[in-house]
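Encoded as C-alpha cells, the structure appears first; notes follow it.
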Amino acid sequence: MHRTKTHFAARINHVASGLERRGVRATYKLHDRILSNRKSRRSFSGARPELDDVQGRIVAELDADGYSLLSFSELFADASTWSEVEAQAARFVSETGAGLAGDREGLRVRAGKEFVVRLHSYGVEMGLDDPWFRICASDRMLDVANTYLGLWSKLEYVDMWYSVPQPEKGRVSSQRWHRDFNDRRLVKAFLYLVDVDAETGPFEYVPGSAPGGRYADAWPWRPLGDNYPPQGELERRIPPEDVRTFTGRKGTLLFCNTAGFHRGGFVTAKPRVLATVTYSSPASLASLTDRSYRFTGPLDGLADPVRYALT
Ligand SMILES: O=C(O)CCC(=O)C(=O)O
C-alpha cells in the first residue's frame, strides 16, 4: 500500500507498545463486528444493486481468486469516459515529465516511495469534476466493490501514479511482496494508462492469498500485522506458477483484494502510468487508515451508496 500508516497508526508503529497495538486492533474488530460495518452491511443488503454480466463476472472472479482482469471498455462502453481519463493522464504525464526534467518542485512524492510521483496524494480536495474520481464514485465501480465486500464501502484513496524507472536499485517498499494493512477485505482497482510489459513494473499477485484463500495462512493478515515477509521468503513458499504477473495494454483494468500478497511498480525501463482507487470498509477508516481527500462537491442528488462512500 502506498500509504503505510495513518497518523495514528504511524505513531503506534513508531512508539508501538503492545498495549497500543491491542487498542487499535480492538477498535478495528469492534467496528468490523458491531459498530460501523454492521450498519453498512445492513444498508447494502436492504438495497442490493443489480449487476450486469460484466460486473457479475468481476465479483465472481474476486470471490474465487482475489482478482479480476478486464479492459476498461468492457465496464465503461462509452468512449467519452475513456477519452476524459486519457486526457487527464496525458496532462499528468506532461507535467510530471517537465517536473522530473526540471527542479522537481511541486511533484507529489511520499517519503520511502520516491519512485512514485502522484497526481493527488493525500490531503486534497476533490469533486466530481475530476474524471478519474467521477469514475471511482460511479455506480459501475461502487456496485462491484460493495457487492464483493457485502457492505456499503468507503472510497478511501483516489489517485494516478507515475512510476519512475530506477534500473540501478533493488526492490523497496511496495515493489516487494506484501499484504495491505488497510482491511481484511478491500478492493483496489488499477487502470493502466500506458502499455505495461515486464520492464514497466507490472502489478503481480498471488491468487488465493487473501483471507479465506488457500494461501491465507502464509504470513496471515492481521490489523497492524507485519505485512512484509522477509526478502526472498515468499518465493520459497509459493511456487512461481501460482503468481500472476499482469503485463497488459493501455486500458487494462484490474480489480484486486490486496489483503492478499502483491507487489509492483519495479520499473526498469519506461515509466508506468496508472490510475488507482481503494474501496475499504468503514471499520478501516475508523481505525487503520485515512481517506486521501475531502469531497467538495454537493451531496444533494447523489444516490445513498455514493453519498456514503464519499463522506
Ligand atoms: O505499484 C504497484 O503495482 C503495487 C501497488 C501496491 O502495492 C498497492 O497499491 O498496495
In whole Å, what is the distance between the alpha-carbon centres of the stretch 52-117 and the stretch 283-311?
-> 20 Å
Cβ-based charge dipole, the chain, positive-most Cα from Tyr157, Leu75, Ala218 | Ala218
Relative contact order [Cα under 8 Å, 6+ residues apart], the stretch 21-129, whole percent = 9 percent
When the charge dipole of the chain is computed with +1 at the Cβ of Lys and Arg and -1 at the Cβ of Asp and Glu, the Cα pointing farthest to the positive end, of Ser36, Ala198, Ala145, is that of Ser36
Using a Cα distance threshold of under 21 Å, what count of lysine pairs results for the chain when pairs must be 8 or more residues apart or interchain?
-> 14
Per residue, how much space in cubic angstrom lies within the convex hull of the C-alpha atoms of the stretch 76-232?
-> 158 Å³
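Tell me, what is the percent relative contact order of the stretch 157-311, built from C-alpha pairs under 8 Å that lie six or more residues apart? Could you put the intermediate results ahead of the total?
Details: 296 pairs, mean separation 69.3, N = 155.
Value for the stretch 157-311: 45 percent.
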Go ahead and set up a Gaussian network model of the chain, Cα springs under 10 Å, then flag whichever of Ala286, Ala189, Ala137 fluctuates most.
-> Ala286
Roll a 1.4 Å probe over the protein chains and send me the accessible area per residue for the chain in Å².
-> 44 Å²
Highest mean first, what order results for 212-221, 38-47 on Cβ atoms within 10 Å?
-> 212-221, 38-47
Please give, to one decimal in nm, the separation of the simple spin-label points placed at Ile34 and Lys169, each 7 Å out from Cα toward the Cβ.
-> 4.4 nm
Mind putting a number on the dipole of the stretch 52-164 about its Cα centre? Charges go on the C-beta only, +1 for Lys and Arg and -1 for Asp and Glu, and I need it in Debye to the nearest 20.
-> 440 debye
Accessible surface of the stretch 92-196, 1.4 Å probe, proportion on carbon and sulfur as whole % | 49 percent
Where the only charges are on Cβ atoms (+1 Lys, Arg; -1 Asp, Glu), what is the dipole of the chain about its Cα centre, to the nearest 20 debye?
-> 1400 debye
What ranking, highest mean first, results for peptides 56-64, 142-150, 225-233, 101-109 when packing means the other Cβ atoms within 10 Å averaged over each residue?
-> 142-150, 56-64, 225-233, 101-109
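The values are calculated or read from the model by the stated rules, or taken from the named source; none is laboratory data. From a predicted model like this one, the values you see are computed outputs, not experimental measurements. Please note: Cβ atoms are built from the backbone with ideal geometry, for glycine as well, and neighbour counts cover all protein chains shown. Areas reflect the complete protein model, heavy atoms only, side chains present, ligands, DNA and RNA absent. Shrake-Rupley method; radii C 1.70, N 1.55, O 1.52, S 1.80 Å.
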